Amino acid sequence: MAMTPPSTPQKGVQPLVAEESAKKKLKTRFQNRRAVEEQVERCMKAHFSHLTHIYLESCRVDGKPLRQKILDDMIEKDNGGRLGARYWADLKQQVGDGEDSVDSIVVDDPSQTVSDDLQIALERAVDTNNSKRTLEPLVSFLSSTGGLNQKELIRLRAFCV
């Protein structure tokens, strides 16, 4: 009677458990750090496209930058790094709508005015003639002033954006 080699299974014989576990290992999804970072980038574009890049990079959630928070949460998850709709809804609530605190200022006293020196300094800083454009008047105004009123702060912020 001829013997078959041990690597070929005989009819009616179940395959070894090690072979089944090897097949399952091939099907599992392996994510290295680069793949997860790319996934974080795609998710941020999908869920926060309405916010500016600068706001997203400066935003912190639970003491961490937003990108790092999402990355840590994806790595922590057991289901391949996918985060559910509830996670994104909660995170969007924590991030906010992208408004800076200066945007939400309501002027208490409508009689406040923007000082002439600040107005002139801002006009010189955005002058269309390159030879006349300078930041020196603005820097000297800001260093010599004791503080800005709410209207001046709003005007200065509008200049910066």
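A few remarks follow.
- All told, residue 57 meets the bar of being modelled with pLDDT of 80 or more and among the acidic types (Asp, Glu).
- Test for residue 66: is it at pLDDT below 85 and touching a Cys at 6+ places or on another chain (Cβ under 9 Å): no
- Scanning the stretch 40-71 for residues that are surrounded by 14 or more Cβ atoms within 10 Å (Cβ to Cβ) and in contact with a strand residue (DSSP E or B) (Cβ under 8 Å, 6 or more places away or on another chain) yields 59, 66, 69.
The values are calculated or read from the model by the stated rules, or taken from the named source; none is laboratory data. Computed from a prediction, not measured in an experiment: that's the story for all the values here. Glycine also receives a Cβ, built like all others from the backbone with ideal geometry; neighbour counts cover every protein chain displayed.
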